[in-house]
Amino acid sequence: MMSDMNKCPDVAAVLEGLLQVVKVEYQSSGQLSSEVLHSLHLLHGQSLLNALDLIDSKKVTKVISSSGRWVYQVTGSSGTPYVCLPNSIFCQCPAFKYAVVKRRDSVMCKHVLAAHLSTAMGTNEEKNVSDEYIMDILAHMD
């Protein structure tokens, strides 16, 4: 079922629209309605619950350099930090490579979903670093 959604050109628009609703709802009430959670679950399945757990555990960090460059660093459930690029569905994790790229049965991995949701909710941690630190992160991406 998820692979059919990856072929639909409107998936990105649906996701962007849902993130806007998440932003408005969470900023106004501090929670998400069951309708929004249900819609997110329809698109992401188990990844949604895993992403929300990462957010609750404060595992999503927006790493910002002094020049304004930034990436997400999301610590996975195994303790491994993964880099997720802004405005992208790319992640270093094995699930991205296999479930998103090869099998195409997921729209995005839990790390990217957590990064997007935490940004919309305004709950991600921020870490200010040097430009060299960001360049080092990018240089060591697989």
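When only Cα pairs below 8 angstrom with a gap of at least 6 residues are kept, region 49-100 shows a relative contact order of 21 percent.
Extension gain, Leu19 to Arg69, is 15.8 nm, computed as 0.36 nm per intervening residue step minus the present C-alpha separation. What is the local net charge at Glu125, summed over the other residues whose Cβ is closer than 10 Å to its Cβ (Lys, Arg +1; Asp, Glu -1)? Every neighbour counted, the sum reads +3.
Listed by number, the DSSP H helices of the chain that run 24 Å or longer by alpha-carbon position along their axis and have mean Kyte hydropathy of at least -0.5 are 11-29.
The stretch between Glu35 and Asp131, if pulled fully straight at 0.36 nm per residue, gains 30.5 nm over its current Cα-Cα span. What's the local net charge at Thr61, with K and R +1, D and E -1, over the other residues with C-beta under 11 Å away? Taking every other residue near Thr61 into account, the sum is +2. Using R0 = 25 Å, the C-beta based FRET efficiency linking Leu85 and Ser57 works out to 0.70.
Coordinate-derived values only; no laboratory data. From a predicted model like this one, the values you see are computed outputs, not experimental measurements. For neighbour counting, all protein chains shown are included, and Cβ atoms are generated from backbone atoms with ideal geometry for every residue, glycine included.
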